[in-house]
Amino acid sequence: MHSILWLFDTIITLYVWILIASAVLSWLVAFNVVNPRNQVVAQVGEALWRLTEPVLAPIRRFLPNLGGLDISPVVLIIGLFFVRNIVFEIFS
């Protein structure tokens, strides 16, 4: 059981880092720090978008429009940590 909890925790942590990387890349593109037409930036952005968008899109439907500020990654990260803590409370 300890191995399953470790794997669950590792997957949650990895996904949180993917969410953070996606948010940082979107800021870098928005502030013209990196060029989205660059092939490497485009491929990394596409991979991050494919990994995060299926989970973030349903959350965005329930959040109010904040005028260009997307807080769905923050909501998801808080939710993931909440679920992780609940699972550890139940199974530890």
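Could you count how many residues in region 48-92 are assigned to a helix (DSSP H, G or I) and without any contact (Cβ under 8 Å) to a residue 60 or more places away in the chain? Step through it out loud before you land on a result.
Of region 48-92, the ones assigned to a helix (DSSP H, G or I) are 48-62, 72-91.
Then drop every residue that is not without any contact (Cβ under 8 Å) to a residue 60 or more places away in the chain, which leaves 48-62, 72-76, 78-79, 82, 85-86, 89-90.
Number of matching residues: 27.
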Any chance residue 5 is assigned to a helix (DSSP H, G or I), closer than 24 Å to residue 88 by Cβ, touching a residue at least 60 places away in the same chain (Cβ under 8 Å) and of a type outside the set (Phe, Trp, Tyr): yes
Unique residue being loosely packed, with under 13 Cβ neighbours inside 10 Å and part of a helix (DSSP H, G or I) when the list is 24, 16: 24
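Read-outs throughout are calculated quantities, based only on the coordinates presented, and are distinct from any laboratory measurement. Being a predicted model, the structure only gives us computed values, none of them experimental. In this analysis, Cβ positions are derived from the backbone assuming ideal geometry, glycine residues included, and neighbour counts consider all displayed protein chains.
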